[in-house]
Structure formats: C-alpha cells, structure tokens
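Novice: First the structure, which I've put down as structure tokens, then a few questions once you've had a look.
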Amino acid sequence: MGDAGLARAPRPTGVTVVGVLVWVNAALDLVAGGFLLIGATIGGDDDATRTTWAIMGSVSLLVGALAAVIAFGLMNGNPIARIAITAIEVVSVIASVSAAIVDPSTAVNEIVSALVAVAIVVLLWSGEATRYFRGLPADQPG
C-alpha cells in the first residue's frame, strides 16, 4: 500500500533547539572566518601572522559552511546529520575532559562545555528524535 496515509512525526523541540544552535554556530564561524581573511589582507605585523590568519579564516569558513549544511540536514530529519553532530559532540566531550585534565584552571568551563555536548546528544537520540529521524509517524514506537 505504501506510506501515503502515514504522517511523519513532527520535528521535536529538542531537534529544533540543536538545529538552531548549529545554525548560530555556523553563522559565527562564517563571520569570524571573514574577519580573519580581511585581517590577513590588511593587517598583521609580518608574513607569518598574515598566513596564520588566512589559514584560520579559511578553516573557519569551511567549518561554518559544513555546520550550515549539517544544520539544514538536522532540521529536515537527515539521519546522517544526526550522526555527524553526535560524532562532533563526542569529540567535544573528549577534548573538554582532556583540556580540564591538562589545565585544571579551565575545569569549570570545560565541564560546562562537556555537559552541553552531552545534552545535545541526549536531545538528538531521544525517542521523539529517533522517530523523527527514522521518518516514523508520531504514534509509532521508534
């Protein structure tokens, strides 16, 4: 018969929150990348500084563009986008814990960062989110 009569689960609030946060982060990365590239062309005391700014700006633009694509995927229920964000957040937790161990003075900030990353993963893998990313109707178990 097909799925014509089945309605896809509406996007859960948690997925929307994560998607918006990823969009905001993407925009910040794009703006920062632009400023770094401008700085590389008009500022800096030496060639090494300008080169560093150019590389950092280019990477920031690339990361921002990638984040925007992933955010678009999240908002549209793409399961690959969910996996990508999950992987990024796992790396973020590892980096935060490592940074807190190496420099205990950053422990509070790093713990907050790790907790935010864990919250994002929990939101993306909740029952509602799982139904959404699988394209299941709201009343069907995930």
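No lab work stands behind these numbers, since they all come straight from the coordinates. Here the structure is a predicted model, which is why all the values come from computation and not from measurement. Please note: Cβ atoms are built from the backbone with ideal geometry, for glycine as well, and neighbour counts cover all protein chains shown.
Novice: With unit charges on the beta carbon (Lys/Arg positive, Asp/Glu negative), name the residue among VAL24, ILE42, LEU74 whose Cα is farthest towards the positive pole of the charge dipole of the range 13-134.
Specialist: LEU74
Novice: Taking a virtual spin label 7 Å from the Cα of ALA99 along the C-beta vector, which residues in the range 29-64 bring their backbone nitrogen under 12 Å of it?
Specialist: Nothing falls inside the zone, counting backbone N under 12 Å.
Novice: If you scale each eigenvalue of the Cα gyration tensor by 5 and take the root, what three semi-axes come out for the range 1-75, rounded to whole angstrom and sorted largest first?
Specialist: For the range 1-75, the ellipsoid semi-axes come out as 40, 11, 6 Å.
Novice: Next up: Suppose every Lys and Arg Cβ carries +1 and every Asp and Glu Cβ carries -1, with no other charges. What dipole size does the chain come out with about its Cα centre, to the nearest 20 debye?
Specialist: 580
Novice: OK, next. Can you tell me the FRET efficiency between PHE35 and ARG8 if r is taken as the Cβ-Cβ distance and R0 is 35 Å, rounded to the nearest 0.05?
Specialist: 0.30
Novice: Taking +1 at the Cβ of each Lys and Arg and -1 at the Cβ of each Asp and Glu, which of PRO104, GLY127, VAL91 sits farthest along the dipole of the range 13-134 towards its positive end, judged by Cα position relative to the Cα centre?
Specialist: GLY127
Novice: Kirkwood hydrodynamic radius (Cα pairs, Å) of the chain?
Specialist: For the chain, the Kirkwood estimate is 17.1 Å.
Novice: Most mobile of PRO104, PRO79, PRO12 per a Gaussian network model of the chain (Cα springs, under 10 Å)?
Specialist: In the Gaussian network model the winner is PRO104.
Novice: Stretched out fully, how many nm does the piece from THR51 to VAL118 gain, at 0.36 nm a residue minus the Cα gap?
Specialist: Additional length available on full extension: 20.6 nm.
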